[in-house]
Each structure stands twice: as structure tokens, then as C-alpha cells.
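Below is one structure; the comments refer to it alone.
The values are calculated or read from the model by the stated rules, or taken from the named source; none is laboratory data. Note that the structure is predicted; figures quoted are calculated from it, not measured. Every residue, glycine as well, gets a Cβ built from its backbone with ideal geometry; the counts of neighbours run over all protein chains shown. Just the protein is used for accessible areas: all its heavy atoms, side chains included, with ligands, DNA and RNA removed. Shrake-Rupley method; radii C 1.70, N 1.55, O 1.52, S 1.80 Å.
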Amino acid sequence: MGTVQLGMPYGIANQQGQPDERVAGHILDAALEGGITCLDTASAYGSSEQVLGTYFGQQTRSAHIITKLHLTVDHDTTLANLEEQIEASISRSMERLQTSCIPAVLLHRPNVLEIFGEKVTELLRKQVKRGNIGTMGASLLSYETQEFAANWKELQDDLYEIVQLPINILDRRMFTNGTFDKLRNANKKLFARSIYLQGLFFLQPTELRRNLEAAKPWLTLLHSYAEQEGMSVPELAFSYIHHLPGISSIVFGAETPEQVKENIALLGTPPISDKTLQELATAFAKVPEQVITPSMWEVK
């Protein structure tokens, strides 16, 4: 389960805002009681790490926590400065999470691999050897072919066991440019995020704000395919990813304990029929970038 909502308001369909400590505790209770074993956070997610640290500091139960390492780099950044950033960020996350070893850490921005290559990999390997980190990985931002190619050489290193990627029923980019197959063939553990396109799939076409009008025909079409399968849109979106070969885990967010339970229940959703899967691949082959790229949703 993703926990960005526990540290800051997140998602275009978010109606609750950031929960207080009591509600956050109930959300985490629902996750653990429902069988969730892994929680995703990041140093950049507001107070999310602190919320998790406080919660588990009062629990006998535990979970596999994945956080993300945010590094600010450009071509003027020195290797010494990079090492300082890594040390400071890992130490800060360990303090917030109240742990001496973070089970898994992902690079939040993989552009550092393009700039520093194997040098950053060795610095991170040191953190693993020292016992500060259990497992390393990377969180991909997009499927822009050139960007992925620039990072792919280093991502193949065995250090990077986990790759988290934005993937959903409307976005075919990872398939058309070969990204998904490359990651799968490299035996990376693939964690799917943004399966509801940051909450877009929870909205009715008539509820879209002006800056999202371009999504209206695609969301309408998505509703029609859900009806064709006898599912709700969230069920269709979840089933599409859940039954996709190669996906190891799904990262979903929740604003309330009820939403946690609803998402866990979706694990029982049956596979989409082969006929509809073929139709979806054709119908959503060319969804405009501004619809499937949340960073392009800002109101002009």
C-alpha cells in the first residue's frame, strides 16, 4: 500500500485531505489486518515517513517498508556532494522511520544513474553492505524512450532488484517501446503504481475539470468497457494490472480504512476476458500524452 496520502494531500479525487494521526492509524490497522505486508513511502512525501515510524514504534506488528531516496543532481554535482546527500538522506529516513535498517530503498529520480552511472551504484552498494539498506531499486518516472535508454545500462546491475513503474489500463507506452519486456526479462521485481491514474479513474466523465477535458472521451470509453465486463471501473483497472504477467506487487493508496478494505477485496476480481483485453489494447493504443501524464495536468 502507498502511504503518500498519510503525509500530504494527494490525488485529484482526494476528498479527505491528509488524515490526522488517529485516522492514519486506522488506515494502517486496516492494511495490516487485511494482509498487506509492504508499505511504500518516500522522504519527499511530507510527513509520511514520520507517521509510519510513530505507528510502528507503538506496535508489535511490522511491515516491509520501502522508501525513496531523493537526490538533487546535475552536471555540476560532485561525487563527494552526491555521497553526502546519500548519507544524509538515508540517515534522515532511518531516524524518521525509527529503524536501523531500511528494508528497501528506491532511487526516486533515476536521472542520477545517467549522470553518475556505476559510481552512484557503488555508493549505494556500500550502504547495503553496511546494513543501512536491505534491498535497492529504482522508481521510474515515465516511459520516454531516450530517458529509459540513458538509465537502462546501470539499471541492469543486480543491485537494483526492484523497479517501481507507473502503469495502468490507459497507458500503453511501456509496451510499445519495449520497456516492460526489458524489465521483465531482466528478472526485476516490478511494482505497479498509479493503476488508477492518480485517481482519475474514480471520477465520472462529467466531473472532470477544464484542464482534464481531453480525458473525457477516454474515460467514457473506459466506462463502456467496464460495463461490457460487468465490472466497475476500479475493478477493471485493478484486474488489468493484477493479472498482468510480470507484476510482483501493486501499490495503491487510500484516504480511509474503508478504501483500504475495498482495494484488498479487489484481489478477488476475475481476469478480464481475452476479447476485451484485445479491444483495450487497440482502443487505448494512442491516448494523448496530456491525458496519461499527470505532470501535464496543471491548470494553465
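Points to keep in mind about this one:
- Qualifying residues in segment 117-142 (those that are in contact with a helix residue (DSSP H, G or I) (Cβ under 7 Å, 6 or more places away or on another chain) and open to solvent by 40 Å² or more (accessible area, probe 1.4 Å)) - the one nearest to residue 71 (Cα to Cα): 119
- Of the helices (runs of 4 or more DSSP H) that lie entirely inside segment 1-91, those containing 1 or more residues that are farther than 17 Å from residue 261 by Cβ and open to solvent by less than 40 Å² (accessible area, probe 1.4 Å) span 4-7, 48-57.
- Residue among 289, 298 that alone is among the charged types (D, E, K, R), open to solvent by 70 Å² or more (accessible area, probe 1.4 Å) and more than 29 Å from residue 182 (Cα to Cα): 298
- The one condition from (1) assigned to a helix (DSSP H, G or I); (2) open to solvent by less than 50 Å² (accessible area, probe 1.4 Å); (3) in contact (Cβ under 8 Å) with a residue 24 or more places away in the chain that residue 103 does not meet is (1).
- Among residues that are of a type outside the set (Ser, Thr, Tyr), under 22 Å from residue 174 (Cβ atoms) and part of a helix (DSSP H, G or I), residue 285 is not included.
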